[in-house]
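Just so you know, all these numbers are worked out from the coordinates, no wet-lab data involved. Computed from a predicted model, the values in this text were never measured in an experiment. Cβ sites come from the backbone with ideal geometry, for glycine too, and all protein chains shown count toward neighbours.
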């Protein structure tokens, strides 16, 4: 009995931080947004999307309460990283696409002096071409040094 209770208690911190969502065959895992300073005008959001279905899925929009929200990707050219807007991200059948620092990400633009603070939650809606829409929360977390946007 003590072993069972200890096991359950050991899982509580993990369960408290895990926040996954499901839309049909799509699993959206651990959406987080980057904390910002008071002067920041934008922040980035990260997550992973797993497609457990038999056909490709496409993320075509992210909606949130900011003046602009865009899906971006990053490319390296001559040792210089640059980000660019994309109209859709394809999640191939049976695969996972990860949005992470230095790669694909969601841009929340127009913070206008309202910083994103650790512990805050940012409601958003992911819009998929054929699968529909799902409301999620991006938890604002510290993104470790070395993962500059």
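Measure off 7 Å from each Cα along the Cα-to-Cβ vector at residue 25 and residue 65, then give the distance between these two points in nanometres to one decimal.
Placing both labels 7 Å along Cα→Cβ, they lie 3.5 nm apart.
Test of understanding: ordering 32, 143 by Cβ neighbours within 10 Å, fewest first, what list do you get?
Going from least to most buried by this count: 143, 32.
Note the full-extension length gain between residue 40 and residue 56 as 0.36 nm times their separation in residues minus their Cα-Cα distance, in nm to one decimal.
Between residue 40 and residue 56, full extension yields an extra 2.2 nm.
Among 104, 129, which comes first, second and so on when ranked by fewest other beta-carbon atoms within 10 Å?
129, 104
Please label the shape of segment 19-141 as rounded, prolate or oblate, based on the square roots a ≥ b ≥ c of the eigenvalues of the alpha-carbon gyration tensor (a/c under 1.5 means rounded; beyond that, a/b larger than b/c means prolate, else oblate).
oblate
For residue 77 and residue 121, FRET efficiency with R0 = 35 Å and r from the beta-carbon atoms, rounded to 0.05?
0.50
Could you list 34, 68, 63 so that the one with the fewest beta carbons within 10 Å of its beta carbon is first and the one with the most is last?
Ordered by Cβ neighbours within 10 Å, fewest first: 68, 63, 34.
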